[in-house]
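A short worksheet on the structure shown next.
The values are calculated or read from the model by the stated rules, or taken from the named source; none is laboratory data. As the structure is a computational prediction, the values presented were derived from the model and not from experiment. Reconstructed Cβ throughout: ideal geometry from the backbone, glycine too, with neighbour counts over all protein chains shown.
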Amino acid sequence: MRKIILIAFCFLYLLPFEKALAQAKWSVSGGMGVAAYIGDLGNTGINTIRPAANFETWYHFNNVVQLKAGASMYQLYAEDHVVSRNRDFRANHWDVYAGLNFTIPTKTVQPFTYVGLGVTKVDPEGKTPNGYTNLSQMEPEAMTMPEYAIILPVGFGLRFLASPQIAIVLDGSVRITDTDQLDATSRKSIPVNDLSSEAISYHKSIRSKPIYKDFESPQFIGGGNPDKDDLYWMFTVKFQYIIWNKGFYMDNPVKVKKRRSKKKYKFRY
């Protein structure tokens with residue numbers, strides 16, 4: 001299934017550009033917002049929201065369809081709702097993606113929706129009494145952790161056209177991932193005998209009950225739910241600068257044409 005998605009995405013991306021390049025239209029945007037995680041740890045209230053930044057470039061085929069590419073820097077944080085497990089975590093991640101954007105070309109406030117494909121960094125840190133420790137290297141569930149994960153960004157938003165070249169973009173999205181280890185919590189039952197000494201020290205520091213290796217009576221501790229992948233959401237407010245070619249009408253409803261006889265802009269609706 002993943003291969004089919006990748007092939008379809010590449011096909012869309014490599015559609016012939018010859019005709020579109022004759023009337024190329026670009027815009028760039030950047031801004032700040034918030035991000036939050038949804039996964040096994042569960043306790044994802046407002047206190048777990050963390051900052052995010054997002055930057056995008058749009059290629060405008062016409063009024064409705066745009067090809068977009070973007071990059072984000074974001075933080076994740078969660079407090080474990082299972083007290084005995086106590087796997088609070090944080091993460092400083094980035095993602096990159098590309099996708100198709102579909103806009104309703106109204107006069108000044110344009111709703112839009114999009115879907116894309118990309119990758120995100122996976123590098124969680126676990127909270128201990130002595131601070132945070134890197135979980136990717138430790139492997140707290142005796143499982144190899146991925147360094148990156150595939151993401152499927154699905155979102156919608158509003159684009160406010162302040163002028164022919166400036167827009168304010170409100171963008172909300174969910175990043176669906178193909179991993180259950182954004183929080184390093186996935187395995188339903190963790191065999192203590194398979195843990196490294198560093199991982200055992202980590203679990204001892206956060207759990208009230210002692211754990212130890214015992215090959216005669218193997219011990220297991222609870223982890224997460226491997227049947228549900230983690231995801232995260234993001235909301236950003238961005239300023240968008242619209243780059244238009246001389247002599248070409250912009251793709252937004254406020255179309256501009258420069259007259260040869262008078263150096264003024266004519267707005268057409």
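If you go through the stretch 190-208 and keep only what is over 15 Å from residue 41 (Cβ atoms) and in a helix (DSSP H, G or I), you end up with 192, 193, 194, 197, 198, 199, 200, 201, 202, 203, 204, 205.
With respect to residue 49, is the statement that it is at pLDDT below 95, hydrophobic (A, V, I, L, M, F, W, C) and within 17 Å of the chain's Cα centre (by Cα) true? When the stated conditions are applied, residue 49 passes them.
Those residues that are within 20 Å of the chain's Cα centre (by Cα) and among the β-branched types (Val, Ile, Thr), I need them from the stretch 138-157; list them, please. Before you say what the answer is, go through the steps one by one.
Here is the first cut: in the stretch 138-157, the residues within 20 Å of the chain's Cα centre (by Cα) are 145-157.
Within the stretch 138-157, 150, 151, 154 qualify.
Of all the listed residues (211, 221), the sole one being modelled with pLDDT of 85 or more, assigned to a loop (DSSP other than H, G, I, E, B), in contact with a helix residue (DSSP H, G or I) (Cβ under 8 Å, 6 or more places away or on another chain) and more than 29 Å from residue 96 (Cβ to Cβ) is 211. The conditions of being more than 18 Å from the chain's Cα centre (by Cα), over 25 Å from residue 192 (Cβ atoms), surrounded by fewer than 21 Cβ atoms within 10 Å (Cβ to Cβ) and among the β-branched types (Val, Ile, Thr) are met by residue 108.
So which residues in the stretch 92-105 are within 16 Å of the chain's Cα centre (by Cα) and more than 16 Å from residue 26 (Cα to Cα)?
Within the stretch 92-105, 92, 93, 94, 95, 96, 97 qualify.
Please determine, by comparing only the residues of the stretch 118-137 that are of a type in the set (A, V, I, L, M, F, W, C) and under 18 Å from the mean Cα position of the chain (by Cα), which one is nearest to residue 88 (Cα to Cα). Explain how you work it out, then say what you get.
So in the stretch 118-137, the residues of a type in the set (A, V, I, L, M, F, W, C) come out as 119, 122, 135.
From what is left, the residues that are under 18 Å from the mean Cα position of the chain (by Cα) are 119, 122.
Values: 119: 24, 122: 16 Å.
The residue in question is 122.
Right, residue 175: closer than 21 Å to residue 52 by Cα, within 17 Å of the chain's Cα centre (by Cα), surrounded by 19 or more Cβ atoms within 10 Å (Cβ to Cβ) and of a type in the set (Lys, Arg) or not?
Details: closer than 21 Å to residue 52 by Cα: yes; within 17 Å of the chain's Cα centre (by Cα): yes; surrounded by 19 or more Cβ atoms within 10 Å (Cβ to Cβ): yes; of a type in the set (Lys, Arg): yes.
Yes.
Filter the stretch 52-66 down to the residues that are at pLDDT 95 or above and either of a type in the set (S, T, N, Q) or surrounded by 21 or more Cβ atoms within 10 Å (Cβ to Cβ) (or both) and list them by number. If the condition is that a residue be at pLDDT 95 or above and either of a type in the set (S, T, N, Q) or surrounded by 21 or more Cβ atoms within 10 Å (Cβ to Cβ) (or both), then 52, 54, 56, 57, 58, 66 are the ones that fit.
Against the numbered list (1) at pLDDT below 90; (2) under 22 Å from the mean Cα position of the chain (by Cα), residue 245 comes up short only at (2). When restricted to residues that are of a type in the set (Val, Ile, Thr) and closer than 17 Å to residue 239 by Cα, the stretch 25-67 contains 3.
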